[in-house]
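Visitor: Before we start, here is the structure in question, set down as structure tokens.
The values are calculated or read from the model by the stated rules, or taken from the named source; none is laboratory data. Since the structure is predicted, the reported quantities are computational estimates derived from the model, not experimental observations. Here the Cβ is made from the backbone with ideal geometry for all residues, glycine too, and neighbour counts use every protein chain on show. For the accessible areas, the whole protein counts, side chains as well, though only heavy atoms, and no ligand, DNA or RNA atoms are used. Shrake-Rupley method; radii C 1.70, N 1.55, O 1.52, S 1.80 Å.
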Amino acid sequence: MENMLQVGVITSTHGLRGEVKVFPTTDDAARFKTLKEVILDTGKEQKVMKIQGVKFFKQFVILKFEGLDRIEDVEIYRQKPLFVTREHAVKLKKNEYFIADLIGMNVSTEDGSAFGVIKDVLQTGANDVYVIDSPDHGEVLVPAIRQCILEVDVEEHNMKIHLMDGLI
């Protein structure tokens, strides 16, 4: 399991006073209101950034970091991801999982035979769809519904599925 989870990506600066426009990569952008800090990955280092202010504009979150008060202070952070530690992540309900925990997960069928590995998760609105790379069947799309997903063990990095007719 990854210790850090991505919550957004800085897309550009916003105004002249050191604010940045963030594209949220979390299901609930409103969670930024309760965050006190995020971890900025500059590519060379990870910096803890204290959040001083939060606003919302269309699908973006506008963040103001403590100590960065000019546009020149934040220009270098364009296209850089923002993370939170797992302890600051949102609490999941039963049968909810972080996408980062699912990617690379081994998938087997209900009879226990190996089927493939999850390589992506598509978010469609109605339900997520797991993209499974199967050596025998190529790329298989499996809906994340109770009828198909029988068991998920995040700790062991395993998922057991039922292949409904028409999936392969």
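Visitor: Could you tally the net charge around residue 148, taking each other residue with its Cβ under 14 Å from the Cβ of residue 148, Lys/Arg +1 and Asp/Glu -1?
Guide: Local charge sum for residue 148: -2.
Visitor: With +1 on each Lys and Arg Cβ and -1 on each Asp and Glu Cβ, and nothing else charged, work out how big the dipole of the chain is about its Cα centre, in Debye to the nearest 20.
Guide: 1160
Visitor: Then there is this: With Cβ to Cβ distances under 11 Å as the rule, what net charge do the other residues near residue 74 carry (K, R +1; D, E -1)? Mind dumping the intermediate values first?
Guide: Working: positive: 17, 21, 64, 70, 78, 80; negative: 19, 69, 72, 73, 75.
Spelling it out: positives minus negatives among the neighbours equals +1.
Visitor: Return a whole-number percent for the relative contact order of the chain, with Cα pairs under 8 Å and 6 or more residues apart as the contact set.
Guide: 19
Visitor: Can you pull the one-decimal nm distance between simple spin-label points at residue 155 and residue 11, each 7 Å off the Cα toward Cβ?
Guide: In this crude label model, residue 155 to residue 11 measures out at 4.0 nm.
Visitor: So how many Å³ per residue does the convex hull of the Cα atoms of the range 103-144 work out to?
Guide: Measuring per residue, one finds 62 Å³ for the Cα hull of the range 103-144.
Visitor: Sticking with this one: If I take R0 = 41 Å and measure r between the Cβ atoms of residue 134 and residue 75 in this structure, what FRET efficiency does the formula 1/(1 + (r/R0)^6) give, to the nearest 0.05?
Guide: On the way: r = 45 Å, r/R0 = 1.09.
The computed FRET efficiency comes out at 0.40.
Visitor: What part of the accessible area of the range 75-168, given as a whole %, is carbon or sulfur when the probe is 1.4 angstrom? Don't skip to the end; give the middle numbers.
Guide: Numbers: 2790 of 5850 Å².
Its accessible area is 48 percent carbon and sulfur atoms.
Visitor: What FRET efficiency, computed as 1/(1 + (r/R0)^6) with R0 = 25 Å and r the Cβ-Cβ distance, is obtained for residue 94 and residue 25, rounded to the nearest 0.05?
Guide: Rounded to the nearest 0.05, the efficiency is 0.60.
Visitor: Another question about this same structure. At a Förster distance of 41 Å, what's the computed FRET efficiency of residue 50 paired with residue 111, Cβ-Cβ distance as r, to 0.05?
Guide: Step by step, r from the Cβ atoms, then E = 0.20.
Visitor: Run down the lysines and flag those whose C-alpha is under 19 Å from the C-alpha of residue 36, throwing out any fewer than 8 positions away in its chain.
Guide: Reachable lysines: 21, 47, 50, 55, 64, 80, 91.
Visitor: Could you state how much accessible area residue 97 has, in square angstrom rounded to the nearest 10, with a 1.4 Å probe and all protein chains kept in place?
Guide: 70
Visitor: While we're here: Under a Cβ-Cβ cut-off of 13 Å, what is the net charge of the residues other than residue 11 that fall near it, where Lys and Arg count +1 and Asp and Glu count -1?
Guide: +2
Visitor: Suppose all protein chains stay in the model; what accessible area per residue would a 1.4 Å probe give for the chain, in Å²?
Guide: Value for the chain: 61 Å² per residue.
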